[in-house]
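Working notes for the structure below.
The values are calculated or read from the model by the stated rules, or taken from the named source; none is laboratory data. All figures in this text were calculated on a predicted structure; none of them were measured in a lab. Backbone-built Cβ (ideal geometry, glycine too); neighbour counts: all protein chains shown. Heavy atoms of the whole protein, side chains included, go into the accessibility calculation; ligands, DNA and RNA do not. Shrake-Rupley method; radii C 1.70, N 1.55, O 1.52, S 1.80 Å.
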Number of protein chains: 2
Amino acid sequence: MATLKQVAAHAEVSVQTVSNALNAPHRLRPDTLERVNRSIELLNYRPNRNARSLRTSAVELIGYCVPSWPDQAHLVMDQFLHELCAAAEKTGRHILLFTAPPGVEGMPTYDDLHARRLVDGFVLSQTETHDPRHGWLKDTQIPFVSFGRVWKETTQPGPWVDVDGAAGSAMAVQHLYETGRRRIAFLSWPRSSGLAEDRLAGWRGRCKQLGLPTGGLAVRCGEDAIDEGARATAELLDSDQPPVGIVALSDILALGALRELGRRGLTPGVDVGVTGFDDSPLASVVSPGLTSLRQPMDEIACELIAILTETQSLTGTTSGVPTERLLQPELVIRGSSAPG
Amino acid sequence: MATLKQVAAHAEVSVQTVSNALNAPHRLRPDTLERVNRSIELLNYRPNRNARSLRTSAVELIGYCVPSWPDQAHLVMDQFLHELCAAAEKTGRHILLFTAPPGVEGMPTYDDLHARRLVDGFVLSQTETHDPRHGWLKDTQIPFVSFGRVWKETTQPGPWVDVDGAAGSAMAVQHLYETGRRRIAFLSWPRSSGLAEDRLAGWRGRCKQLGLPTGGLAVRCGEDAIDEGARATAELLDSDQPPVGIVALSDILALGALRELGRRGLTPGVDVGVTGFDDSPLASVVSPGLTSLRQPMDEIACELIAILTETQSLTGTTSGVPTERLLQPELVIRGSSAPG
DNA sequence: CTGAAAGCGCTTACAG
DNA sequence: CTGAAAGCGCTTACAG
């Protein structure tokens, strides 16, 4: 393993010059730069990152706590991780994975990782209503950015990126409306979830806007399970005025709706239009395919990394980068809402 | 941020003694140790990992390349990552995530990560038939361990951990046999997959052993998709002697079988018993639940980490730890094979 | 544009 | 059992 010193000796310059060739090439005369680069190539030199980190006290590593499954979002977690990695690598950084107890119990782990200089900062996800982690990290001055807002807080403790769930539901309603449906139901979760309330509000808002009924059309499911989605759908279909469109809060719930339709001999996309959320692998794997709202994972990842690395959180200086970004989901249309 | 030096000054000992208190406490007199520990506590000292790594040239980081989805195994990837993280942390290590082009194209990325001392070694997964990465890493002397065997090689280029697919299929056959079924089919993939051949062989072997027919009962699907599983199932059910049990190579294929049964008014678990592979989130989310072969992710992760850290691959010395481990899957029985 | 020197925070023979 | 000193491989003011 060649060192900076050896490269310097080989190129007959000082170590400082080699270091500059790597980190500030514009400071060198072109001929010197070329000579140094030849030596680097020849000796197959790779800078030792630990030495660099020790000196600069930046490790270029971003911590991400792997959620313990089962978990609502785990179906798209692999997509998220892949994009997060790719986005980090574009800035020369990498993702360090770790496990921690949920909630505030896990904070000592975050603190330790940061204090021992294993990471520069954190990307949080699985944000919950009143998530205590954000405030804790902010107080401790540990850089972080959150995928997901801390719900029901007037002011967010730190920078975040999120997807506009209300807009997503509205898009789903609009789509079902445009395919001729006028009675559109909503499959929701318990009231305690900020995410659920956001998506529910989008459905209600657009329905009102279009002059569609909402009364008795929002059903709360006990948990995010296929059986619950099926049960809620059965309830809706058994009512006096059954809906002809169903916007579900999640792909899982939507799958329940599809199953119940099938059980009754109704054809999804023809008799009743169904949409889900997240465009998980499930959506494209069922038949007919499930129309679903895709989260723009690549954009999300890029924004997270940009905010974490370019704002005060990591550099100590405030730049012009906004620290709150609400991104729009995209409706992926499949057979469950539009046959053919 | 306190340093070793400051702790030493506070405890009125040399830095060497503080270092020993941390890394070799048995070398200190109990009273000295206690005094040093008090200072560490008081100053909230955390050793700087970069300084340590620079000195010891071990970063305690293990690289794992996030597979680009879509991918056969991505449904259980989050479980795998969680267990891998947890296992690494038990040894004081962490997982560094990165992306790389598939196959041998990605090897420079592995090499770079190792040369720049961002990682000590790698855990590979998504092993393919004749996977070139193993030989490459072995030749380059980069420590690694593989989750999955390199199929069709007489000798494996490096240490591995894998799950016994043949035994898994045999367990599924045995289970269906014990629930009274005598005609058991197998849903497979194209011949090019070592994993598929392994699982197929297990089915055939156990059927022969039990005196069950196999002729015309193995169907190859074009790809791992629900539609393909349904199509293959339809083919089987339309034959002169339709099977009453179906062992599928994957949960996805099994889901296809369930769908086709439903379409025909047949009840899974009653009329036809169905089993899948991997016990993915899908298996417990459908109704009836899908009987499936669970990979022991916790064991797999522990073995991977143990082999990587305890054998020559990382320490340079051969220890007594075996470098090849074939683990047994576990049959998780649900309604698709046994009602009630 | 280039170079000699200090230092980031640890660990580890070595000597006492 | 304890301590003084060298060194891991970089970066960065500083001087020329």
Hey, among the residues in the stretch B:149-163 that are open to solvent by 30 Å² or more (accessible area, probe 1.4 Å) and out of contact with any His (no Cβ under 8 Å at 6 or more places or on another chain), which one's nearest to B:P296 (Cα to Cα)?
-> B:R149
Within the stretch A:141-197, work out how many residues are among the charged types (D, E, K, R), at pLDDT below 95 and under 18 Å from the mean Cα position of the chain (by Cα).
-> 1
Could you please let me know if B:T17 is within 42 Å of the chain's Cα centre (by Cα), more than 8 Å from DNA strand C (Cβ to nearest atom), farther than 22 Å from A:L113 by Cα and not aliphatic (A, V, I, L, M)?
-> yes
Please give the number of the condition B:V66 fails out of (1) surrounded by 15 or more Cβ atoms within 10 Å (Cβ to Cβ); (2) more than 16 Å from DNA strand D (Cβ to nearest atom); (3) modelled with pLDDT under 90.
-> (3)
Picking from B:N44, B:N48, the residue that is within 16 Å of DNA strand D (Cβ to nearest atom) and in contact (Cβ under 8 Å) with a residue 40 or more places away in the chain would be B:N48
Hits in the stretch B:92-112 (condition: farther than 19 Å from A:Y64 by Cα and out of contact with any helix residue (DSSP H, G or I) (no Cβ under 8 Å at 6 or more places or on another chain)) | B:P102, B:E105, B:P108, B:T109, B:D112
How about the stretch B:181-284: which helices (runs of 4 or more DSSP H) wholly inside it have at least 3 residues that are of a type in the set (V, I, T)?
-> none
Matching residues in the stretch A:251-265 - criterion: being of a type outside the set (D, E, K, R), in contact with a Leu (Cβ under 8 Å, 6 or more places away or on another chain) and open to solvent by 10 Å² or more (accessible area, probe 1.4 Å) | A:I252, A:L255, A:L258
Selection from the stretch B:78-94 of residues that are surrounded by fewer than 21 Cβ atoms within 10 Å (Cβ to Cβ) and at the interface with chain A (Cβ under 9 Å from one of its Cβ atoms) | B:A86, B:E89
Among the residues of the stretch B:117-137 satisfying the criterion of being in a loop (DSSP other than H, G, I, E, B) and crowded, with 17+ Cβ neighbours inside 10 Å, which is farthest from the other protein chains (Cβ to nearest Cβ)?
-> B:D131
Go through the stretch A:213-248 and give me each residue that's open to solvent by 20 Å² or more (accessible area, probe 1.4 Å), under 15 Å from A:R183 (Cβ atoms) and in contact with a Phe, Trp or Tyr (Cβ under 9 Å, 6 or more places away or on another chain).
-> A:T214, A:A218
Residue count, the stretch A:20-30, condition more than 14 Å from chain B (Cβ to nearest Cβ) and either under 12 Å from A:V7 (Cβ atoms) or within 7 Å of DNA strand C (Cβ to nearest atom) (or both), comes to 6
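Among the residues that make up the stretch A:96-115, is at least one of them more than 14 Å from chain B (Cβ to nearest Cβ) and either buried (at least 21 other Cβ atoms within 10 Å of the Cβ) or among the charged types (D, E, K, R) (or both)?
The answer is yes, given that some residue of the stretch A:96-115 is more than 14 Å from chain B (Cβ to nearest Cβ) and either buried (at least 21 other Cβ atoms within 10 Å of the Cβ) or among the charged types (D, E, K, R) (or both).
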Do we find that B:E330 is more than 14 Å from chain A (Cβ to nearest Cβ), at pLDDT below 95 and either crowded, with 23+ Cβ neighbours inside 10 Å or over 28 Å from A:P288 (Cβ atoms) (or both) in this structure?
-> no
Only one of (1) open to solvent by 10 Å² or more (accessible area, probe 1.4 Å); (2) of a type in the set (V, I, T); (3) closer than 22 Å to A:S192 by Cα does not apply to A:V270, and that is (3)
